[in-house]
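The values are calculated or read from the model by the stated rules, or taken from the named source; none is laboratory data. As the structure is a computational prediction, the values presented were derived from the model and not from experiment. Glycine gets a Cβ as well: all are built from the backbone with ideal geometry, and neighbour counts include every protein chain shown.
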Amino acid sequence: MKILVMMDLVPGTTPEKIAPYLKEEAARAWELHKAGVFRDMNFRTDRPGVVNILECASVEEARKILNTLPLAKAGFMTFQIIPLGYPSFLENLFAAKS
């Protein structure tokens, strides 16, 4: 299942508060990328935040994996998790007419 995840820092989080976690955060993100879970990783350009595409069996699995990130474990990060699917209505455009 393809899942869109928008990650944001909790309001009031400062660079100084998260600095001790960043190397471990990057290492964990890289592990998840190599494992095929983090399929696409992007920083937002309109404001601070990260948008990732995950490949997981379910939203619940995605949530469990995201909660292994050091910034999430430390309470500095929130997630908006959005399951994605292919537009099945497109099939109707090309289905043979009976």
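Can you spot a residue in segment 83-96 that is surrounded by 14 or more Cβ atoms within 10 Å (Cβ to Cβ) and either under 23 Å from TRP30 (Cβ atoms) or of a type in the set (Ser, Thr, Tyr) (or both)? Scanning segment 83-96 turns up no residue that is surrounded by 14 or more Cβ atoms within 10 Å (Cβ to Cβ) and either under 23 Å from TRP30 (Cβ atoms) or of a type in the set (Ser, Thr, Tyr) (or both).
Answer with yes or no whether LEU22 is touching a strand residue (DSSP E or B) at 6+ places or on another chain (Cβ under 7 Å) and of a type in the set (A, V, I, L, M). In short, no. Looking at segment 43-64, is at least one residue in contact with a Ser or Thr (Cβ under 7 Å, 6 or more places away or on another chain), among the charged types (D, E, K, R) and over 14 Å from ASP8 (Cβ atoms)? Scanning segment 43-64, I find no residue that is in contact with a Ser or Thr (Cβ under 7 Å, 6 or more places away or on another chain), among the charged types (D, E, K, R) and over 14 Å from ASP8 (Cβ atoms), so the answer is no.
Residues that are farther than 14 Å from ARG28 by Cα, surrounded by fewer than 17 Cβ atoms within 10 Å (Cβ to Cβ) and in contact (Cβ under 8 Å) with a residue 40 or more places away in the chain within segment 52-73 comprise ILE53, GLU55, ALA57, SER58, VAL59, listed in sequence order. Filtering segment 65-93 to residues that are in contact with a strand residue (DSSP E or B) (Cβ under 8 Å, 6 or more places away or on another chain) and under 17 Å from PRO11 (Cα atoms) leaves LEU71, ALA72, PHE76, MET77, THR78, PHE79, GLN80.
For segment 52-98: of the residues being modelled with pLDDT under 95 and aromatic (Phe, Trp, Tyr), which is farthest from the chain's Cα centre (by Cα)? Among residues in segment 52-98 that are modelled with pLDDT under 95 and aromatic (Phe, Trp, Tyr), the one farthest from the chain's Cα centre (by Cα) is PHE94. Checking each residue in segment 74-98 for being hydrophobic (A, V, I, L, M, F, W, C) and free of Cβ contacts under 8 Å to residues at least 12 places away in the same chain picks out PHE89, LEU90, LEU93, PHE94, ALA95, ALA96. Just so you know, in segment 29-51 the residues that are in contact (Cβ under 8 Å) with a residue 40 or more places away in the chain and within 13 Å of the chain's Cα centre (by Cα) include one that is nearest to LYS2 (Cα to Cα), and it is VAL51.
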